[in-house]
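**Student:** Can you read through this structure? Questions will come right after.
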Amino acid sequence: MKVILYRINSIILKVLKSALIILFASLILLMVVNVFLRYVLSKPLFWVTEICSYVLLYLIMGGATLALYYGNHISINIDLSKLGAIAKRIIDIISTIAAYILIIAFIIYGSILVCENISSYTGTVPISMGLVYLAVPVNAVIMLLLYSEKVIKRK
């Protein structure tokens, strides 16, 4: 089971990193083109700002997923050197459970958000808001898989 999870996560990481590179390059390209069109030709594209904000949402969620996997997310560091092994283990278990609860909440409430907004459309571009909000539960599922790998490796 462990080996399967590691292989799946390896593929997920490659796809996620590639997707984030493509999204970031697209975001920069769209913004540069729109700035050129706005200030040089005085003909900006009205939909670029909206698309850029949606791309940014996917970048933020994907980046948060990678940060969780690599341990670069925001954390509180507490000096546990004076605690015994049992106390350290209890704190580790509590923090792991809290992380799982947060990730599962992202999955559940993100899915509800997608379902509630699947028939709503954005202001200027005919994209379902459900697809925009899909960034939350999809990345949360990926977080769950990647975090589970880290938990297994710790043990």
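The values are calculated or read from the model by the stated rules, or taken from the named source; none is laboratory data. This structure is a prediction, so every number in the text was calculated from the model and none was measured. Every residue, glycine as well, gets a Cβ built from its backbone with ideal geometry; the counts of neighbours run over all protein chains shown. With ligands, DNA and RNA removed, areas are computed over all heavy atoms of the protein, side chains included. Shrake-Rupley method; radii C 1.70, N 1.55, O 1.52, S 1.80 Å.
**Student:** Name the aspartates and glutamates eligible as straight-distance cross-link partners of residue 17: C-alpha to C-alpha under 20 Å, and not fewer than 8 places from it in the same chain.
**Tutor:** Reachable aspartates and glutamates: 149.
**Student:** Is it possible to state the helix-based mean residue ellipticity at 222 nm for the chain, with each DSSP H run of 4+ residues giving -39500 (n - 2.57), the sum divided by total residues, to the nearest 500 deg cm²/dmol? What is it?
**Tutor:** Theoretical 222 nm ellipticity from helices: -27000 deg cm²/dmol.
**Student:** So how far apart, in nm, are the two label points at residue 105 and residue 91 if each is 7 Å from Cα heading toward Cβ?
**Tutor:** Those two pseudo-labels are separated by 2.2 nm.
**Student:** A follow-up question, please. May I ask you to rank 149, 116, 50 by accessible area, largest first, using a 1.4 Å probe over the protein chains only?
**Tutor:** 116, 50, 149
**Student:** How much length is gained on full extension from residue 42 to residue 154, taking 0.36 nm per residue of separation minus their Cα-Cα distance?
**Tutor:** 34.7 nm
**Student:** Taking +1 at the Cβ of each Lys and Arg and -1 at the Cβ of each Asp and Glu, which of 139, 78, 67 sits farthest along the dipole of region 45-155 towards its positive end, judged by Cα position relative to the Cα centre?
**Tutor:** Of 139, 78, 67, it is 78.
**Student:** Residues in region 110-131, backbone N under 14 Å from the label point at residue 11 (7 Å along the Cα-to-beta-carbon vector): list them, ranges by number please.
**Tutor:** Within reach of a label on residue 11: no residues.
**Student:** Also: Whenever you get a sec, compute what percent of the accessible area on the chain sits on carbon and sulfur atoms (1.4 Å probe).
**Tutor:** With neighbouring chains kept in place, the figure for the chain is 74 percent.
**Student:** Only four residue types carry charge here, +1 at the Cβ of Lys and Arg and -1 at the Cβ of Asp and Glu. Report the dipole size of the chain about the Cα centre in Debye, rounded to the nearest 20.
**Tutor:** The calculated dipole for the chain is roughly 640 debye.
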